[in-house]
Each structure stands twice: as C-alpha cells, then as structure tokens.
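Colleague: First the structure, then my questions, so here it is.
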Amino acid sequence: MSARILVAEDDEKQSRLIRIYLEREDNAVQVVADGRAALDRARSSKPDLIILDVMLPLVDGLDVCRILRTESDVPILLLTARTTEEDMLLGLDLGADDYLTKPYSPRELTARVRALLRRSRKAGGTPESAVLRVGEMELDTARFEVRVAGQPVTLTAKEFSILEALAREPGRVFTRRQIIERVFGFDRDVLERTVDAHVMNLRRKLEADPGRPRLLETVYGRGYRLAEASDASDSARS
C-alpha cells in the first residue's frame, strides 16, 4: 500500500528513522523540519498522509493541524511528547485523526500509518450505503457530510468513521474494543480512552446538550450506541 507521506519532524534522528521504516513499505516520503515548511509542502505536493510533530519551530504542529484541516481531509497523525488527556483532546479536536506519544515504536507508527491509509482509501471508494438517516441526523458517506436537523456539522475523518459505524446499526451497543476494530483496524494498539475522546468531541458537535446526550448514548459497563429515532425523540420529550 504505497503512498505519498509528508513527515514534519525537527529531530533529524527521528525523521531519518521514520523515513527508513516508511520507505521499507514502498512509500514516497518527504521530510521537513518546521511548521511553515510543512504547510507549504502539504499545499504544493498534496500528500496522502501527514505525520506531524507537535513541537515544531516557526509554526507549532497543533497550529499546522488546525490550518490544514480547514483546507483538506488528508489523514493527520500527531507525534507528541505531551501525555495528558487535555493535550490528546486538543489534538483530536483540532482535526488530527490519530496520535502517538513519544517514545514510540517505529513498527507501531507504520501500523498506524497503514490503518489510516486503508481507512482513507476505503472512504474514497464505493460506499456500502450512500446516505444513513437516524432521526434528525443524516450521514452522507459518499460526500463525507453530516447534518443534524438540516444543519451541516463538520467532523474529522475519525469522528465520521465512528459515527458511521454506529449509524449502520442504530440501537446496537458497541464496546470500545469493537469500535477500535471497526474504525482503527485489528492491527492497532489503540487505547480505549482514544474512543472516549472522539465520542466527547462528537457530542460537542452533535448534541444540543453534550452533558445530557440523547443521540450518542453511553451504556454503562458496555460502551456506546446511537439511539434509534424513537428513543431519541422520547429522550427529548422527557
């Protein structure tokens, strides 16, 4: 699964190691060492995936991520030495599709790259069903668009994938591990709290009151489900 990958990393040793592992899988790899160069190269070369270190000179990685997400749906994998939940949520909320905390295994990085590329290419193919409707929510898998009560909602690629998985079987409870397997792939060592972070962001964007969700429900001790239309309506009236 060869691809054009842009790596923005100012640590020369790290960027060289990333290049070696990605090129072993026949990817074409470009490396830049600062955020300004990352923006310029992303715009000019249109990579299939971007690996972005958070602590970049000139323009930091979070700002690069935020700017690029307004211009493109290219998958973005963040590399960060920050390990707090707040930092993770911020990166995901700005539009990153995934993140790795340092130090990380190069094999894990390449596995995550494969999964992001696979998901991105699947999303670009023929969809299983173009439009999914659950109550007031409409999810167009062909156009990568979501509307709630007729209003457009902007989601990241991972948020969209999680919502699509739940919307294909409304009312079914998915464990966090099942969501990881469907959205991130079986070869992923993804933390379950990553799913929780994406769900929190989805609720902020989809729910009238994220603190009392009526669409994306938690089933305590099990996982998450997308409420069926009648359930959501009953919750709204209660």
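Quick note: the coordinates plus some simple rules give every number you see, no bench work behind them. Just so you know, these numbers come straight off a predicted model, no measurement behind them. Cβ: placed from backbone, ideal geometry, glycine included. Neighbour counts: every protein chain shown.
Colleague: Indicate, rounded to the nearest 5 percent, the antiparallel portion of the DSSP beta bridges found entirely in segment 4-123. Let's see the in-between values first.
Modeller: Working: 0 of 17 bridges.
About 0 percent, rounded to the nearest 5.
Colleague: How large is the convex hull of the C-alpha atoms of segment 4-123 per residue, in Å³?
Modeller: Values: hull volume 11.2 nm³, N = 120.
Once divided by residue count, the hull of segment 4-123 is 93 Å³.
Colleague: At 0.36 nm per residue, minus the direct Cα-Cα distance, what do Ser45 and Lys102 gain on full extension? Give it in nm, one decimal, please. Please report the intermediate quantities before stating the final value.
Modeller: Values: separation 57, 0.36 × 57 = 20.52 nm, distance 2.72 nm.
Result: 17.8 nm gained on full extension.
Colleague: Could you check which residue among Gly91, Gly171, Gly221 shows the biggest mean-square fluctuation in a GNM of the chain with a 10 Å Cα cutoff?
Modeller: Checking each option, the largest mean-square fluctuation is seen for Gly221.
Colleague: Give the range of the longest stretch in the chain that excludes all chymotrypsin sites (Phe, Trp or Tyr not before Pro) found in loop regions by DSSP and having at most 16 other beta-carbon atoms within 10 Å. Intermediate results must be reported in sequence, preceding the final value.
Modeller: Numbers: sites that count: Tyr104, Phe144, Phe186, Tyr220.
Free of exposed loop sites, the longest segment is 1-103.
Colleague: Anyone know which of Asp26, Asp63, Asp73 comes out most mobile in the 10 Å Cα GNM of the chain?
Modeller: Highest fluctuation among the options: Asp26.
Colleague: Once both labels are modelled 7 Å past Cα along the beta-carbon direction, what's the Glu228-Glu181 spacing in nm?
Modeller: A separation of 2.4 nm, rounded to one decimal place.
Colleague: Once you've got the GNM for the chain with C-alpha springs shorter than 10 Å, pick whichever of Leu109, Leu77, Leu132 has the biggest mean-square fluctuation.
Modeller: Largest GNM mean-square fluctuation: Leu132.
Colleague: Could you give the length gained by full extension between Arg36 and Asp11, i.e. 0.36 nm per residue of separation minus their alpha carbon distance, to one decimal place?
Modeller: Values: separation 25, 0.36 × 25 = 9.00 nm, distance 1.57 nm.
Result: 7.4 nm gained on full extension.
Colleague: Which angle from 0 to 90°, rounded to the nearest 10, does the C-alpha axis of helix 61-71 make with the longest principal axis of the chain?
Modeller: Taking Cα atoms only, the helix is inclined about 60 degrees.
Colleague: Follow-up question, since we're still on this one. Going through segment 1-80, which trypsin sites (Lys or Arg not before Pro) have at most 10 other Cβ atoms within 10 Å and a DSSP loop state? Can you show the working numbers first?
Modeller: On the way: sites: Arg4, Lys13, Arg16, Arg19, Arg24, Arg36, Arg41, Arg43, Arg66, Arg69; in loops: Arg24.
When the trypsin sites (Lys or Arg not before Pro) of segment 1-80 are filtered for loop state and at most 10 Cβ neighbours within 10 Å, Arg24 remain.
Colleague: Follow-up. To the nearest 500 deg cm²/dmol, what mean residue ellipticity at 222 nm is calculated for the chain from DSSP H runs of n ≥ 4 alone, each contributing -39,500 (n - 2.57), summed and divided by the residues?
Modeller: Numbers: 9 runs with 104 residues, N = 238.
Rounded to the nearest 500, it is -13500 deg cm²/dmol.
Colleague: For q = 0.11 Å⁻¹, what log10 I(q)/I(0) does the chain give under the Debye formula with an equal point scatterer on each alpha carbon and no solvent?
Modeller: -0.57
Colleague: Whats the longest run of the chain with zero GluC sites (Glu not before Pro) that are DSSP loop and have at most 16 other Cβ atoms within 10 Å?
Modeller: On the way: sites that count: Glu25, Glu128, Glu136, Glu207, Glu228.
Here the longest segment lacking exposed loop sites spans 26-127.
Colleague: A follow-up question, please. Out of residues 5 or more away from Val7 or on other chains, whose amide H comes under 5 Å of its own, with H placed 1.01 Å from N in the peptide plane?
Modeller: Those qualifying (amide H under 5 Å, at least 5 residues apart or on another chain) are Gln30, Val31, Val32, Ile51.
Colleague: Okay, next question. Report, in degrees rounded to the nearest 10, the 0 to 90 angle that the Cα long axis of helix 106-123 makes with the longest principal axis of the chain.
Modeller: Orientation of helix 106-123: about 50 degrees from the principal axis.
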